[in-house]
Amino acid sequence: MLTLLVVYGGVWLLAQWRGPDSGGTAAAASGSIELLTVTVPTSPDDATPIVLDAQLRIPDGVSSDAPAPAVVLLHGFGSDRSSQAARAETLVRRGYVVLAPSARGFGDSQGTIGLADRDREGRDLIALIDALAGRDEVLRDGPDDPRVALVGASYGGGLALIGGALDDRVDAVVAITAWHDLAAALAPNAVGAPASGPLKVGWTSLLFTARTLPSGIDLAAATGASGVGIPVSAERCGRFDPDVCALADRAAVDGRLDAAGAAVLARASLATLPARAVPTLLVQGRDDTLFGVDAALANALALDAVGAPVRVRLAAGGHGAVGTSAATGALATEVDAWLDRWLRAQDGGALAADGVLVHDAAGAVQTLPWPDASRSLGARELGLTLVGAPVGDGSSAAALVQGVLVDGRPVSATLDVATVFTPAGGLPAALTSIPGLGPVGNLAGLAGLSTVVDVPGQHVAFTGQPLDASVLLLGPATLLLDVSAETGESQLFVRLASVAPGGLTTIIGSSFAPVRLPVVSDDPARPTRVGITLPDVVHRLEAGERLRLTIATTDQAYANLRRPGTVRIDVTDARLTLRGPGLTPTVAPDAESADGARVDAASTVAGRASGGLRAVWDQAPLVILLVAALLAASIAAVVVGRVRVARRAPLDPVEVRLARTAAGPPPVVIRGLVKEYADGTRAVDGLDLSVEAGQVVGLLGPNGAGKTTTLRMLLGLITPTAGSVELFGQAMRPGHPVLERVGALVEGPGLVPDLSGRDNLELFWRAGGRPMEESGIEWAMSVADLGSAIDRPVRAYSHGMAQRLAIAQALLGRPELLVLDEPTDGLDPEQIRAMRRLLVRLGAEGHTVLVSSHLLSEVEQTCTHAVVVLGGRIVASGPVSELGARGRTLIIEVDDRERAQVLLSAELGADNVALEGSGLVVTLDRPGRSADVIALLVGAGLRVTTASRRGGLEDAFLQLTGAEA
Amino acid sequence: MINEIERQLRRRRTFVGLAGIAAVPVVLAIAFLIAGAGSDGPRETGDPTGLFGFATASGLNFALMSTAATAPFLLLSVVALFAGDTISSEAAAGSLRSLLVRPVPRGRLLARKFTVALLLSLVAAALVPLSGMLAGTLAYGWGPVITPFGPLAAGESLVRIAAITGYLAWSAVWVAAVAFALSTTTDTSVGAVAGTIVIVIVVQILDAITALGWLRTFLPVHEGLAWLGLLAGPPRWGDLTRGVVLQLPYLALGVGYAWWNFTRKDVLS
């Protein structure tokens, strides 16, 4: 606990020491907070009031005597002002008055959600600036003219741009991931025709499903007592404006925008709003698939055209990531610098130079003018900062100044016409991007979507030669193609990607060009010439990389055509034009055989058919996975079933305990036991053994005789090859409940080294499932006689201590049958004596003991019976006294040794009679002859003082095992 | 079961494994505080999750980043340790004999051991965000989570992080099953644990080979990043569901083999 306190306290202290700069958000709010309500009319035609909810924050030290500039923070779509709390805090700390409103329809503001309509949400902004003008704490540039900046991301960014265009009191705008033309962003058409392109269904459903989500949208507030909400009948639309709602629904059904929808979106577009010269920072994500780089550049050019200072900051990442980074991440400092510069006339270090800023490999900044010479920027500021993409040597910069345009050459003659097909229903479709995350190829390994998934037969790809030098692509690319479609209608998706030498394909920025051709030639001989403009990109192609142009008929991010048909793409005269500095002519596309694409008409049908089959095959992993899961479930069911059966079989423990009082079957009966190992070794070879209750049986035999193997089979640790083991009349198998009545020590102590002796005993006992009271643990511990060491970890025990603990473990619960394998191993003489006494006592108390040993004296002194094992078989067994009687060496003390020696030598042979010490050592020819020998001596008139058998069991054992004494 | 939990909790390797994985966020926090890094652009190189860039936005963000940092390998290694060590270490210490001479069927012993290994794995998976949350909140304060999909309120984030933890723990089940199967085949715990880690690495390498095509989609690590879908506004369930189902065959195979092997095995250790 103390360690935890120190560790985490250390982190906290370090954080305190590092100060708030290293932290993101602070818990406590600075300055004073005030809730404002601003009342606005519903629309210019409808004076019904709407109350907007806003929060005003005044920094400490700011008052009417010391006013400060203000920042209006605008939240994103589906959110409300609370999402701006962290950003507001940092700005308040920088000394800005911050006004954070919830847009109409969001949060606690009334009204319905629209799409940044200039006459609704736009006028709301004017009202909010009016509110700021009435505050003495806000610095004024003139009467009723507060010093104010509008800052927002995505929806908020678009609103900030609209506000900047509508209200000349705005002094600076920061628009992060904002759109330029909302209709073109949601339903782009790269041929530039007035017709709407395919709808970005992925994005639009993400935006409009907000109405069905409980978070962010409060239906009760919209339809409740306020009286200004939308009718309950519009429940389907939630808080959305019915017009917007209907527009979204129609677009989703049609897969494109209709004229009415386009008109609604046009009211939110900067494209149709006269720009005003307000200093504007535009932050855009290079991988943004909703509002791409092209949107930021279009906004920049529009603002630049009216003389506004503009800076474009292009950052790595998609829509959400860049918006977040600009709010709380690294980009926030650049936003702060922009605000300081235009609200306080402080020139921050982050705004060093004008022009295109490119960081080279060493981190130095190179300043380059805008690549397109036709777009004059004059002396005004149009910054384009590209971080993390080093430019080559100075020659590239020189080339850029000239605005090099590189034309693609026609592709080779072997593949000049490709036929691709549009699948019925628009599915399956290529998977290229995820709304909010950007192109899939740029999300290394994300959720298995590490590569673009192009559907065979539905796309054709052309890959250029490897570049011999690094080039920077900047601005839009254009493509001229000849297209014909059998249905007279076509939709194509054109994209550029870079292919690394290893084959890794990366989509270049947001260069997806959806092309909708509502009318196209259906005659392959006279195709329609199509000019396609791909969105602006900023991308560095490295040397060795190749440029790939892909033309596909489907894309999951868009509404695809549902009518099937083939599309012929003739690239004989195709021209791909890329813009950027330092481009070399080697980027001309070279033909590559595209997956599934077929050149001639004859194979088109086959291609389509196989494409269809492949579409099914693409789903195969899922099918196989399901089958595998079912298989797994059934295996699991079988296993569980068998375990259940195994559980049902055991005897009731009560029954087991009752059995112990009755004179039941013998504790151990072994019949014909065989254990043969894989290598053919027979460790046990037909062993029969029976141990009766109350016997203390010693299992004797040299090392490797099969003693331990026998005991392991007895306990169910190993499975016999043949034969049977019965304990208390029950056929043994692993973990049999009859083991309840057995205590065992097999081949050394098996203890958990991390636990103390006491814990080892307790855990061992509890593993059997019986209550602790029945364990007799105190008695067992007293037998082990470990003293205070019982509470020390077993790892610290000597071998003898561990052995004693293991014996105590075997004694837990006072088992009826005790199986001990070499119990005296590692004990000192005193402990061996104690062990013997214990075994004798246990036998006397009616326990049955089976003890193996290679020490004969031990068995002789403690056991009632002995079994001699040799080579896996029993060679002798019986009461120790009888076995000992088999000894053939007799020691005789007699009054006349010499005479006795002569007599016995005549009877038994001279070799078998020897003088030793004060007596005679006689080796009998068979065990039963001792009486004959004594009778012989007595009959000859000799006085026999003593006659004893030497070694007893040892002697017998040595004879049985054939070893020499 | 309690018995087995106690047995494992008192093992030193359990403590080391859990403390080690819980220490990672602390180490990361100290590194971030000293280096002052973590907010330099939304996507850093080598970060497929896009979460490292927002690590210092709030304590919860830091917890997410810690999760992202440990999920691909460290968590799997710890799970391999817990599951791979469970039988083999007892065999090595000889205590497996002691367990098996108790009147408990081997199948039930296995079930207990595997369940406890899974529980410990879940604890390990949960310790990362908890420790990350604690260290991150101390370092960067409490606040909403910022994800590549946009911000999430703190309360909602807690639910999402819990769900992510659950998914990651479940995604490690195949590792546990493999480690468990190996654990029944060897008497050295290092063999079972290291063997499993080698298998994890091989599978991850295979998953990175795009040329394998649809074969890759059956690899148990294939949906290893699907948990990112839980950070989206409405969570994306497709890959998640697949990732969950994907574990089942490996779980069945691993545990099935362990059961088949262990119930027949001659315990010679």
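Checking the conditions here, which among B:Ala93, B:Ala63, B:Ala69 is within 27 Å of B:Ile205 (Cβ to Cβ) and out of contact with any Leu (no Cβ under 6 Å at 6 or more places or on another chain)? Before you say what the answer is, go through the steps one by one.
Details: B:Ala93 fails: within 27 Å of B:Ile205 (Cβ to Cβ); B:Ala63 fails: within 27 Å of B:Ile205 (Cβ to Cβ).
On inspection, the qualifying residue turns out to be B:Ala69.
Given the conditions (1) more than 8 Å from chain A (Cβ to nearest Cβ); (2) surrounded by fewer than 23 Cβ atoms within 10 Å (Cβ to Cβ); (3) farther than 28 Å from B:Leu109 by Cβ, report the number of the one that B:Asn261 does not fulfil.
Checking B:Asn261 against (1) more than 8 Å from chain A (Cβ to nearest Cβ); (2) surrounded by fewer than 23 Cβ atoms within 10 Å (Cβ to Cβ); (3) farther than 28 Å from B:Leu109 by Cβ, the one that fails is (3).
So B:Leu248 ticks every box in (1) more than 9 Å from chain A (Cβ to nearest Cβ); (2) in a helix (DSSP H, G or I); (3) surrounded by 17 or more Cβ atoms within 10 Å (Cβ to Cβ) but one. Which box is left unticked?
(1)
For a quick check of your reading of the model, give me the residue pairs whose first member lies in the range B:1-24 and is of a type in the set (Gly, Ala, Ser), whose second is in a helix (DSSP H, G or I) and buried (at least 17 other Cβ atoms within 10 Å of the Cβ), with beta-carbon atoms closer than 6 Å and at least 6 apart or on different chains.
Close Cβ pairs (under 6 Å, with a partner that is in a helix (DSSP H, G or I) and buried (at least 17 other Cβ atoms within 10 Å of the Cβ)) amount to B:Gly17/B:Val78; B:Gly17/B:Leu81; B:Ala22/B:Leu127; B:Ala22/B:Ser131.
Does A:Gly348 satisfy being part of a loop (DSSP other than H, G, I, E, B), modelled with pLDDT under 75 and within 14 Å of chain B (Cβ to nearest Cβ)?
Values: part of a loop (DSSP other than H, G, I, E, B): yes; modelled with pLDDT under 75: yes; within 14 Å of chain B (Cβ to nearest Cβ): no.
Answer is no for this residue.
Could you please let me know if A:Ala251 is part of a helix (DSSP H, G or I) and touching a residue at least 40 places away in the same chain (Cβ under 8 Å)? It would help to see each step written out before you state the result.
Details: part of a helix (DSSP H, G or I): yes; touching a residue at least 40 places away in the same chain (Cβ under 8 Å): yes.
Answer is yes for this residue.
Can you tell me how many residues within the range B:165-189 are farther than 23 Å from B:Ala22 by Cβ and part of a helix (DSSP H, G or I)? Spell out the reasoning first.
Residues of the range B:165-189 farther than 23 Å from B:Ala22 by Cβ: B:174, B:177-178, B:180-188.
Filter again for part of a helix (DSSP H, G or I), leaving B:174, B:177-178, B:180-183.
The number of residues fulfilling the criteria is 7.
Would you check if A:Asp243 is assigned to a loop (DSSP other than H, G, I, E, B) and at pLDDT 75 or above? Even if it seems obvious, please write down each step before you answer.
Working: assigned to a loop (DSSP other than H, G, I, E, B): no; at pLDDT 75 or above: yes.
No: the conditions fail for A:Asp243.
Which condition number does A:Gly95 fail, the rest of (1) assigned to a loop (DSSP other than H, G, I, E, B); (2) surrounded by 24 or more Cβ atoms within 10 Å (Cβ to Cβ); (3) not aromatic (Phe, Trp, Tyr) being met?
Of everything listed in (1) assigned to a loop (DSSP other than H, G, I, E, B); (2) surrounded by 24 or more Cβ atoms within 10 Å (Cβ to Cβ); (3) not aromatic (Phe, Trp, Tyr), A:Gly95 misses just condition (2).
Can you tell me which residue is modelled with the lowest pLDDT among those in the range A:753-784 that are among the polar types (S, T, N, Q) and over 16 Å from B:Pro103 (Cβ atoms)?
First, the residues of the range A:753-784 that are among the polar types (S, T, N, Q): A:756, A:760, A:775, A:782.
This time we only want the ones that are over 16 Å from B:Pro103 (Cβ atoms), so: A:756, A:760, A:782.
Working: A:Ser756: 90, A:Asn760: 88, A:Ser782: 85.
Here the residue is A:Ser782.
Which ranges mark the helices (runs of 4 or more DSSP H) fully within the range A:123-225 that have 1 or more residues being modelled with pLDDT of 70 or more and polar (S, T, N, Q)? Walk me through how you get there before you give the answer.
Working: elements: A:155-166, A:182-186, A:201-208, A:219-223.
The helices (runs of 4 or more DSSP H) meeting that bar are A:201-208.
Give the residues of the range A:789-799 that are surrounded by 15 or more Cβ atoms within 10 Å (Cβ to Cβ) and in a helix (DSSP H, G or I), sorted by residue number.
A:Ala789, A:Ile790, A:Val794
Just to be sure, is B:Ala126 surrounded by fewer than 23 Cβ atoms within 10 Å (Cβ to Cβ), closer than 30 Å to A:Ser82 by Cβ and away from chain A (no Cβ under 14 Å)? Show your work before the answer.
Numbers: surrounded by fewer than 23 Cβ atoms within 10 Å (Cβ to Cβ): yes; closer than 30 Å to A:Ser82 by Cβ: yes; away from chain A (no Cβ under 14 Å): yes.
Yes, satisfied.
Which condition does B:Leu231 not pass, out of (1) crowded, with 22+ Cβ neighbours inside 10 Å; (2) at pLDDT 85 or above, if it passes all the others?
That leaves (2) as the condition not met.
Within the range B:147-154, does at least one residue satisfy the condition of being within 23 Å of the chain's Cα centre (by Cα), more than 9 Å from chain A (Cβ to nearest Cβ) and not in a loop (DSSP other than H, G, I, E, B)?
no
For B:Phe62, state whether it is within 12 Å of chain A (Cβ to nearest Cβ), modelled with pLDDT of 85 or more and part of a helix (DSSP H, G or I). Break it down stepwise before answering.
Values: within 12 Å of chain A (Cβ to nearest Cβ): yes; modelled with pLDDT of 85 or more: yes; part of a helix (DSSP H, G or I): yes.
Here the answer is yes, as B:Phe62 does meet what is asked.
Test B:Ala139 against the stated conditions and say whether it is in a helix (DSSP H, G or I), crowded, with 24+ Cβ neighbours inside 10 Å, touching a Phe, Trp or Tyr at 6+ places or on another chain (Cβ under 8 Å) and at the interface with chain A (Cβ under 10 Å from one of its Cβ atoms). Outline the logic, then answer.
Values: in a helix (DSSP H, G or I): yes; crowded, with 24+ Cβ neighbours inside 10 Å: yes; touching a Phe, Trp or Tyr at 6+ places or on another chain (Cβ under 8 Å): yes; at the interface with chain A (Cβ under 10 Å from one of its Cβ atoms): yes.
Here the answer is yes, as B:Ala139 does meet what is asked.
Filter the range B:11-37 for residues that are closer than 17 Å to A:Leu13 by Cα and assigned to a helix (DSSP H, G or I) and give the result. Walk me through how you get there before you give the answer.
Let us first name the residues in the range B:11-37 that are closer than 17 Å to A:Leu13 by Cα, namely B:23, B:25-36.
B:Ala23, B:Pro25, B:Val26, B:Val27, B:Leu28, B:Ala29, B:Ile30, B:Ala31, B:Phe32, B:Leu33, B:Ile34, B:Ala35 - these are the residues of the range B:11-37 that are closer than 17 Å to A:Leu13 by Cα and assigned to a helix (DSSP H, G or I).
Which ones in the range B:218-239 are more than 9 Å from chain A (Cβ to nearest Cβ) and assigned to a helix (DSSP H, G or I)?
Listed by number, the residues that qualify are B:Leu230, B:Leu231.
Okay, residues lined up against (1) in contact with an Asp or Glu (Cβ under 9 Å, 6 or more places away or on another chain); (2) assigned by TED's automatic domain parsing to the domain that holds A:Leu479; (3) surrounded by fewer than 24 Cβ atoms within 10 Å (Cβ to Cβ):
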site	(1), (2), (3)
A:Asp145	yes, no, yes
A:Ala149	yes, no, no
A:Ala165	no, no, yes
A:Val173	no, no, no
A:Trp179	no, no, no
A:Leu199	yes, no, no
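Can you name the residue in the range A:695-746 that is of a type in the set (Val, Ile, Thr) and part of a loop (DSSP other than H, G, I, E, B) and is also nearest to the other protein chains (Cβ to nearest Cβ) among such residues?
Residues of the range A:695-746 that are of a type in the set (Val, Ile, Thr), as a first pass: A:696-697, A:708-710, A:718-719, A:721, A:725, A:738, A:742, A:746.
Still in the list and also part of a loop (DSSP other than H, G, I, E, B): A:718-719, A:721, A:746.
Details: A:Ile718: 4, A:Thr719: 6, A:Thr721: 10, A:Val746: 5 Å.
Among residues in the range A:695-746 that are of a type in the set (Val, Ile, Thr) and part of a loop (DSSP other than H, G, I, E, B), the one nearest to the other protein chains (Cβ to nearest Cβ) is A:Ile718.
Answer yes if at least one residue in the range A:766-784 is out of contact with any helix residue (DSSP H, G or I) (no Cβ under 6 Å at 6 or more places or on another chain), at the interface with chain B (Cβ under 9 Å from one of its Cβ atoms) and crowded, with 18+ Cβ neighbours inside 10 Å, and no otherwise.
The answer is yes; a qualifying residue exists.
The values are calculated or read from the model by the stated rules, or taken from the named source; none is laboratory data. Note that the structure is a prediction, hence the values are computed from the model and not measured. Using ideal geometry, Cβ is built from the backbone for each residue, glycine included, and neighbour counts are taken over all protein chains shown.
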